[in-house]
Amino acid sequence: MNNVVVFGSQWGDEGKGKIVDLLTDKADLVVRFQGGNNAGHTLMVDGEKYALHLIPSGILHPGKLALIAGGVVIDPEGLLKEIDALTARGITITPDNLFISEKAHIVMPYHRLLDLARENLQGVNKIGTTGRGIGPAYEDKAARIGLRMGDLRNLDYFREKTVHALLEKNHLLNGFYQVPSVKLVDLMALANVWAERLTPFLSDTARLIQSALGRGDHILFEGAQAVQLDLDHGNYPFVTSSNPIAGSVTVGAGLAPGKIEGVLAVVKAYSTRVGLGPFPTELKEETGEYLRTRGVEFGTTTGRPRRCGWPDSVVIRNSVELCGADHLAVTKLDVLAGLPELKIATQYLLDGEKIDFIPADIQTLDCCQPVYEKLAGFNVDLKKARKITDLPKAARYFLDRLSELSGAPLGLVSVGPNREETIILHEYF
Ligand code: IMP
């Protein structure tokens, strides 16, 4: 196998960062293909904690290439902060190991302001976005009025497009949302810095990927967010503005469908959701609090407490099917230790009938009650387990049921945040 797409199968924050970091050992290239700095991947490497938002985690491994492909939206301010913070910690980032697509769209400061202003105006109907301007940036891409990273090579053209964009954006900001408008001179001052610092990193990343495929290099495609937040397949409108399903790698990175070789679903051993929207297995009582505290379930990007609940195999099965997952990478199994009883949702009860799919409209989904299978808990510290047989029987049974109900075999099990705290059942690359 020469390439693997790693994706989130629930509502994000499944621990994709650790899984990608682990697989990077044998990869040559690590590629981000959708989303922006709304993503937050927390990694523990040699006892040090890193929080990455835009830069693929491959950057932490000397000798590996990190690519931000054209399907990503890039906030240059956020990207530069990330580059500077990593550089200050001794990580080498140069145009020889970080490649940014010239086709990637830019998240402009007015996108962030519009995201926040819209959320404020929505009141109780807000989505609970990360406030990073991701939705407005993708809107402009689709409306064909977006600015792309490659436009930074020609600041006259950049200026012309910005003048045009500001006519509409300032009208919205000032006239409609009644927040201060944005000045062209300020944007151009920023654009000058972005151009100077970021254009050396720009390239045609789709061609780089084609060349890497031709050489038989190992490529890891790092998904952000998750299937239930997918613009088309998630719980619309409580979704993000990109497509986190695995197939989106074809558009976002330029990988032909037939070239996808491996698909790995990252599944947290329980469920979490940050932001608003349906969550059938949410636990609003002390078990939810137990998971939040033990799992340190607070957003990497916004610091918001995550909503916690039981694992939901209706959700995971849906993601496995939509993405064609070959294996599951189950994360944070250790967090479940100490609970006297575990539950997995197997179906939903809707109007007295059992269903095993996710209704498309959120009003119906809100009426769904999970049907649970109850399993024995375990109260053992799992962090030292390196083989599946090191796990207590109850933990193994839980994993087996999760895998059977979800429709994909186990590939990896993570029992702690560090690289070595992992049980590997299937080798990639
Ligand atoms: P946006 O992507 O900032 O527009 O936010 C839309 C929804 O997706 C909100 O519910 C966010 O909390 C959620 N979201 C976006 N990125 C992530 C992520 O990386 N992890 C978890 N939730 C996310």
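The values are calculated or read from the model by the stated rules, or taken from the named source; none is laboratory data. Note that the structure is predicted; figures quoted are calculated from it, not measured. Using ideal geometry, Cβ is built from the backbone for each residue, glycine included, and neighbour counts are taken over all protein chains shown.
When every residue of segment 283-298 is checked against the conditions, at least one turns out to be among the basic types (Lys, Arg), more than 16 Å from the ligand (Cβ to nearest atom) and either assigned by TED's automatic domain parsing to the domain that holds Gln10 or farther than 19 Å from Lys126 by Cα (or both). With respect to Val335, is the statement that it is more than 14 Å from the ligand (Cβ to nearest atom), surrounded by 22 or more Cβ atoms within 10 Å (Cβ to Cβ), assigned to a helix (DSSP H, G or I) and within 18 Å of the chain's Cα centre (by Cα) true? No; evaluated as a whole, the condition is false for this residue. Each residue in segment 96-114 was checked for being in contact with a strand residue (DSSP E or B) (Cβ under 9 Å, 6 or more places away or on another chain) and in a loop (DSSP other than H, G, I, E, B), and 6 of them qualify.
The residues in segment 115-130 that are aliphatic (A, V, I, L, M), within 10 Å of the ligand (Cβ to nearest atom) and part of a helix (DSSP H, G or I) can be counted, and the count is 0. Flag not set for Gly411, criterion: surrounded by 14 or more Cβ atoms within 10 Å (Cβ to Cβ) and more than 20 Å from Gly17 (Cα to Cα).
For (1) under 23 Å from Leu399 (Cβ atoms); (2) within 16 Å of the ligand (Cβ to nearest atom); (3) acidic (Asp, Glu); (4) part of a strand (DSSP E or B), each residue gets a yes or a no:
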site	(1), (2), (3), (4)
Gln228	yes, yes, no, no
Gly234	no, yes, no, no
Pro237	no, yes, no, no
Ser242	no, yes, no, no
Gly258	no, no, no, no
Val266	yes, yes, no, yes
Leu276	no, yes, no, no
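Could you check segment 1-14 and list, in sequence order, the residues that are modelled with pLDDT of 95 or more, farther than 15 Å from Asp230 by Cβ and assigned to a loop (DSSP other than H, G, I, E, B)? Asn2, the sole residue that qualifies. Here segment 258-288 is the region considered, the condition is being more than 17 Å from Arg304 (Cβ to Cβ) and charged (D, E, K, R), and the residue that is modelled with the lowest pLDDT is Glu285. Checking each residue in segment 15-47 for being away from the ligand (no atom under 16 Å from the Cβ), at pLDDT below 90 and assigned to a loop (DSSP other than H, G, I, E, B) picks out Asp46, Gly47.
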